[in-house]
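Engineer: What follows is a structure written as structure tokens; I'll ask about it next.
The values are calculated or read from the model by the stated rules, or taken from the named source; none is laboratory data. Predicted, not measured: the structure shown is a model, and the values here were computed from it. Note that we place each Cβ from the backbone using ideal geometry, even for glycine, and neighbour counts take in every protein chain shown.
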Amino acid sequence: MNQQNFIARLLVISFLFLTNLNSGYAHVALDTDKNAVKFADKVSKVDASDRLSKLNSVIDITITNEVQERIQQYTYYYRSSAEKILGRVSVYFPMFEKEIRRRGMPDDLKYLAIIESLLNPSATSKSGAAGLWQFMKPTGQMVGLEINSVVDQRRSVALSTQAALDYLQSLYDRFGDWNLVLAAYNCGPGNVSKAIRKSGSRDYWKMRNYLPKETQKYLPRFIAAMYLTNFYHYHDLQPNTVETDMTNVITVSVDKTMKFSTLTKELNLYDTEILKELNPEYIAGYIPGKKQYSLRLPSRCIERYYQKYEPGIYSTIMERRAEAQRVRELKEKKDKELEIASMKRDSLSPLESLVSLIMKPLSSNRSKKKYKIPSMIRSRESYARV
């Protein structure tokens with residue numbers, strides 16, 4: 001690497017470090033790609049604006065210099081981190097989208113988890129925010145999440161998503177504008193209300209200078225996340241491959257203490273890490289049995305789980321499977337009989353088929369009942385006398 005390239009790279013890293021120095025975002029470092037200059041050109045503001053304009057978004061998408069720079073970070077300087085994020089999209093976005101649709105909320109909200117945690121449920125910020133949606137402890141408890149030394153439901157994929165959407169809806173009920181909702185999610189509704197009063201505007205781009213510095217960067221980050229997720233293919237980015245155990249998952253209810261180490265052995269899992277990744281809220285490595293909790297398991301081992309821990313459910317599964325097999329075998333037998341009958345018909349010679357066709361109505365006529373014709377027929381006058 002020549003001196004000019006080295007200095008340019010150093011300036012970029014210094015800029016990015018300074019912009020994130022006071023940030024409350026999660027401690028999930030973006031990996032600098034040393035070979036970034038070998039890849040596709042940087043995106044222009046015109047291209048970025050044209051592509052993003054195709055999205056049906058509730059967010060006011062404005063391509064400023066800062067937004068363009070944020071897009072460059074994902075698509076040019078930090079390609080390896082971007083590909084990790086894109087791999088996680090296939091794991092978490094389907095769950096987000098399902099819950100968002102159920103509530104009738106904007107689909108755009110799913111991108112929030114990218115700028116909060118880089119889609120890492122185990123992420124923790126310098127200020128103590130945790131999980132996909134980066135709840136602070138008081139806020140998490142306020143929205144009903146259990147947080148203690150054994151369970152931290154801020155890290156639960158399902159529960160934290162429900163809590164985040166509850167909170168976002170409450171912010172929308174207050175502000176009526178999704179741009180302001182995103183700002184309030186980051187710095188609190190009080191700071192947003194104060195910025196509205198000082199600026200005399202409810203337009204994020206006009207009032208953003210009255211917001212905390214971190215929040216001023218928030219919407220540009222959000223727009224960059226939208227761009228990455230929808231247009232990464234323009235930059236030759238390839239989502240990381242994700243293990244099927246992370247995508248083919250079944251959730252069960254648990255009301256007894258279960259250690260991950262024991263579950264790993266009994267379910268023939270190769271490592272406890274898969275259980276920790278699927279259930280990051282159980283920070284002590286086990287599920288306490290004091291009340292009902294959820295456990296996410298790879299679907300391939302769900303039968304063994306029921307056999308060991310829920311024999312009643314396992315018996316029902318086996319009975320239904322046996323019944324399904326019986327029905328399948330009966331259908332196969334019937335299909336076979338029909339196939340044999342069809343083969344027999346097809347095996348007749350053309351002459352035999354013709355004779356069969358001609359004789360069929362004759363034979364059917366012979367089988368009809370014969371009526372005796374009376375030898376004497378009554379005259380019309382005799383009918384009249386009756």
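Engineer: Does residue 177 satisfy the criteria of being buried (at least 17 other Cβ atoms within 10 Å of the Cβ) and assigned by TED's automatic domain parsing to the domain that holds residue 82?
Structural biologist: yes
Engineer: Here is a follow-up. Check residue 294 against each of (1) closer than 22 Å to residue 145 by Cβ; (2) touching a residue at least 60 places away in the same chain (Cβ under 8 Å); (3) part of a helix (DSSP H, G or I) and name the one condition it does not meet.
Structural biologist: Here residue 294 meets the rest and fails (3).
Engineer: Moving on. When the residues of the range 223-255 are narrowed to those that are touching a residue at least 40 places away in the same chain (Cβ under 8 Å) and among the charged types (D, E, K, R), which ends up nearest to residue 51 (Cα to Cα)?
Structural biologist: It comes out as 236.
Engineer: Only one of 317, 340 is at pLDDT below 90 and within 29 Å of the chain's Cα centre (by Cα). Can you tell me which?
Structural biologist: Checking each option against the conditions leaves just 317.
Engineer: Can you name every residue in the range 258-282 that is at pLDDT below 95 and assigned to a loop (DSSP other than H, G, I, E, B)?
Structural biologist: Within the range 258-282, 267, 268, 269, 270, 271, 272 qualify.
Engineer: Also, quick follow-up: Output the residue which, of all residues in the range 67-117 that are in contact (Cβ under 8 Å) with a residue 12 or more places away in the chain, surrounded by fewer than 16 Cβ atoms within 10 Å (Cβ to Cβ) and charged (D, E, K, R), is nearest to residue 157 (Cα to Cα).
Structural biologist: Filtering the range 67-117 for residues that are in contact (Cβ under 8 Å) with a residue 12 or more places away in the chain, surrounded by fewer than 16 Cβ atoms within 10 Å (Cβ to Cβ) and charged (D, E, K, R), the one nearest to residue 157 (Cα to Cα) comes out as 97.
Engineer: What tally of residues in the range 50-84 results from selecting those that are over 11 Å from residue 224 (Cβ atoms), part of a helix (DSSP H, G or I) and touching a helix residue (DSSP H, G or I) at 6+ places or on another chain (Cβ under 9 Å)?
Structural biologist: 7
Engineer: Shifting gears a bit: Looking at (1) closer than 27 Å to residue 168 by Cα; (2) at pLDDT 95 or above, which is the only condition residue 83 fails?
Structural biologist: Of the numbered conditions (1) closer than 27 Å to residue 168 by Cα; (2) at pLDDT 95 or above, the odd one out for residue 83 is (1).
Engineer: Sticking with this structure for a sec: Could you give every pair whose Cβ atoms fall below 8 Å, whose first residue belongs to the range 53-65 and is outside the structural domain of residue 227 (by TED's automatic domain parsing), and whose second residue is at pLDDT below 95, counting only separations of at least 6 or pairs across chains?
Structural biologist: Within 8 Å, no pair qualifies.
Engineer: Ok, one more. All but one of (1) surrounded by fewer than 18 Cβ atoms within 10 Å (Cβ to Cβ); (2) not in a helix (DSSP H, G or I) hold for residue 120; state the number of the condition that does not hold.
Structural biologist: Of everything listed in (1) surrounded by fewer than 18 Cβ atoms within 10 Å (Cβ to Cβ); (2) not in a helix (DSSP H, G or I), residue 120 misses just condition (1).
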